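To start, the structure itself, in structure tokens.
The values are calculated or read from the model by the stated rules, or taken from the named source; none is laboratory data. These numbers were taken from a predicted model, which means no experiment stands behind them. Positions of Cβ are backbone-derived with ideal geometry, glycine not excepted, and every protein chain shown enters the neighbour counts. Keep in mind that these areas ignore ligands, DNA and RNA; they rest on the heavy atoms of the full protein, side chains included. Shrake-Rupley method; radii C 1.70, N 1.55, O 1.52, S 1.80 Å.
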Amino acid sequence: MSLSARLLFENGQSTKALVSALGQLAAAMGFRATVFPRWGELTVLIHDASGTRHEILASAPVGVDMRKVAATTGVIDDFCSGQFDAAAAQSALETVARFPPVSTARFALLAAAGAAALGVIFGAMHPISLLLIAISAGAGACLRRSLAAISRNLFVQPLCAALLAGAIGAIAVRLQFSSTLRLVAVCPCMILVPGPHLLNGMLDLARARIGLGVSRIAYASVIILMICTGLLMGLSFGGVSLSASVPSYPVPLGYDVIAAGIAVAAYGTFFAMPWRMLPIPAAIGMLAHASRWAMISLAGASVQAGALVACLVVGIIITPIADRLRLPFAAFAFASVVSLIPGVYLFRMAGGFVDLVTLGQRASADVLLNTIADGATAALIILAMAFGLIIPKMCIEHFFPDLANPSRRGSWGRR
């Protein structure tokens with residue numbers, strides 16, 4: 001039981017699904033278990049005929065691996081249905097724990113494609129700019145894999161990858177290959193944003209798991225801080241700043257939707273989704289982005305309202321699919337809406353704060369107002385995305401429990 005608990009907790013499963021799966025497993029083993037997840041540990045109270053005992057497992061939810069979560073849940077289902085005995089289930093779980101990560105070549109290639117796709121979404125149309133974005137993101141992915149082999153620090157990878165992106169972006173600006181949007185520097189950093197941890201944290205807060213929810217959001221916030229720090233440091237090497245509230249360029253619907261699908265496929269790869277599964281979140285992400293484009297371009301809605309509508313569409317569609325396929329909701333949902341993440345606004349806000357500190361009393365009111373506007377826009381988009389994804393999930397689970405928790409496993413669970 002301890003191995004299954006760690007595999008689910010450490011690889012992105014939501015807290016409610018984790019508790020439910022372990023309760024199901026305990027019942028099949030002939031006892032009752034109460035799980036208390038906290039950052040850094042899982043406490044399991046076991047109630048059986050001999051009394052109550054507890055087990056504390058050292059575990060932190062710092063990873064996201066959809067393949068391991070789905071395979072672990074599949075083993076639990078097979079054990080509970082009697083297809084596995086205890087020894088076979090333990091052997092299967094040990095095999096799951098040894099699943100290798102996505103190959104470095106695939107990881108780097110999809111990082112490059114995803115960053116370039118985000119560049120298209122935010123208005124980068126020049127082929128040289130897109131090529132530089134792809135090279136920067138691919139090199140950053142290789143750097144992250146190299147650092148993972150030599151350092152266990154959780155924040156070194158995003159810091160160094162963002163530093164590299166900032167340095168390449170500064171060179172691009174000096175060579176006049178980057179616009180005032182600084183997308184050559186910004187887009188490779190956007191793929192580093194830890195969306196599933198933010199979303200899982202919001203889910204925990206919505207279900208009153210305050211301690212774990214705050215811990216997840218704090219972890220994601222520190223990663224974002226490292227990304228901003230690395231990006232701004234890299235840009236500073238070339239004497240380049242990140243201007244606040246620079247207007248973006250409109251993108252035709254066809255380019256926007258296709259680029260969104262590519263970005264979704266890239267994030268599915270980051271979260272170890274098999275190739276055959278990628279078309280599902282890609283199609284949903286394209287539909288979501290088309291909804292956002294229609295809200296903003298045709299209905300004249302704000303970017304916040306557009307993000308809310310797009311995420312409501314995704315939340316309604318993803319909830320039953322993720323449960324049927326036994327995939328972690330946060331990773332599946334975030335992969336489908338990754339192109340909506342307001343990374344540009346967050347990075348511009350950070351650049352604005354640096355300008356305020358650097359200029360001091362010489363800073364104009366416009367710098368302050370633009371910095372506040374970027375920060376407020378980013379916060380509202382994140383809240384809109386969180387509500388858009390979480391509310392449909394909770395409503396479906398409450399009013400349509402059979403739809404959200406099917407009795408039969410999806411075909412992907414039968415690996």
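Kindly provide the set of residues from segment 153-191 that are open to solvent by 50 Å² or more (accessible area, probe 1.4 Å), outside any helix (DSSP H, G or I) and at pLDDT below 90, ordered by number. Result: Leu175, Gln176, Phe177, Thr180. Considering (1) open to solvent by less than 60 Å² (accessible area, probe 1.4 Å); (2) touching a residue at least 60 places away in the same chain (Cβ under 8 Å), the lone condition that Glu94 does not fulfil carries the number (1).
Here Ala378 clears all of (1) touching a residue at least 24 places away in the same chain (Cβ under 8 Å); (2) over 19 Å from Gly268 (Cα atoms); (3) open to solvent by 10 Å² or more (accessible area, probe 1.4 Å) except the condition numbered (3). For Ala218, the criteria (1) in a helix (DSSP H, G or I); (2) open to solvent by 20 Å² or more (accessible area, probe 1.4 Å); (3) touching a Leu at 6+ places or on another chain (Cβ under 8 Å) hold in every case but one, which is (3).
If you check Leu45, Leu7, Leu25, which single one turns out to be in contact (Cβ under 8 Å) with a residue 12 or more places away in the chain, over 27 Å from Pro274 (Cβ atoms) and in contact with a Ser or Thr (Cβ under 7 Å, 6 or more places away or on another chain)?
Just a single option satisfies the conditions, and that option is Leu45.
Would you check if Ala283 is in a helix (DSSP H, G or I), in contact (Cβ under 8 Å) with a residue 40 or more places away in the chain and over 24 Å from His197 (Cβ atoms)?
no
Of all residues in segment 292-328, those satisfying the criterion of being open to solvent by 30 Å² or more (accessible area, probe 1.4 Å) and either over 21 Å from the mean Cα position of the chain (by Cα) or small (Gly, Ala, Ser) (or both) are Trp293, Ala294, Met295, Ile296, Ser297, Leu298, Ala299, Gly300, Ser302, Ala305. Given the condition touching a His at 6+ places or on another chain (Cβ under 9 Å) and buried (at least 20 other Cβ atoms within 10 Å of the Cβ), answer yes or no: does some residue in segment 109-121 qualify? Looking for residues that are touching a His at 6+ places or on another chain (Cβ under 9 Å) and buried (at least 20 other Cβ atoms within 10 Å of the Cβ), one finds at least one in segment 109-121, hence yes.
Here is a yes/no grid of residues against (1) among the polar types (S, T, N, Q); (2) closer than 19 Å to Asp204 by Cα:
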{"position": "Arg6", "(1), (2)": "no, yes"}
{"position": "Asn11", "(1), (2)": "yes, yes"}
{"position": "Ala33", "(1), (2)": "no, no"}
{"position": "Ile56", "(1), (2)": "no, no"}
{"position": "Pro101", "(1), (2)": "no, no"}
{"position": "Thr104", "(1), (2)": "yes, no"}
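Flag: Gly254 does not match the condition of being assigned to a helix (DSSP H, G or I) and open to solvent by less than 10 Å² (accessible area, probe 1.4 Å).
The residues of segment 192-211 that are assigned to a helix (DSSP H, G or I) and surrounded by fewer than 20 Cβ atoms within 10 Å (Cβ to Cβ), listed by number, are Leu205, Ala206, Ile210, Gly211.
Residue check: is Phe99 more than 29 Å from Leu154 (Cα to Cα) and either open to solvent by less than 40 Å² (accessible area, probe 1.4 Å) or touching a Lys or Arg at 6+ places or on another chain (Cβ under 8 Å) (or both)? Here the answer is no, as Phe99 does not meet what is asked. Per the conditions (1) touching a Lys or Arg at 6+ places or on another chain (Cβ under 7 Å); (2) at pLDDT below 85, the sole criterion not satisfied by Ala272 is (2).
A quick yes/no check of all residues on (1) over 26 Å from Ala330 (Cβ atoms); (2) open to solvent by 40 Å² or more (accessible area, probe 1.4 Å):
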| residue | (1), (2) |
| --- | --- |
| Leu22 | no, no |
| Met29 | yes, yes |
| Ala33 | no, no |
| Phe36 | no, yes |
| Arg53 | yes, yes |
| Pro61 | no, no |
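Figure legend. Inter-residue proximity from segment 338-365: first residues closer than 21 Å to Met233 by Cβ and in a helix (DSSP H, G or I), second residues small (Gly, Ala, Ser) and open to solvent by less than 30 Å² (accessible area, probe 1.4 Å), beta-carbon distance below 6 Å, spacing 6+ or different chains. Indicated pairs: Tyr345/Ala378; Leu346/Ala378; Arg348/Ala244; Met349/Gly375; Gly352/Ala244; Leu356/Ala363.
Of all residues in segment 225-243, those that are open to solvent by less than 40 Å² (accessible area, probe 1.4 Å) and either modelled with pLDDT of 95 or more or under 20 Å from the mean Cα position of the chain (by Cα) (or both) total 4. Among the residues of segment 41-72, those that are more than 30 Å from Phe107 (Cβ to Cβ) and of a type in the set (Gly, Ala, Ser) comprise Ala49, Ser50, Gly51.
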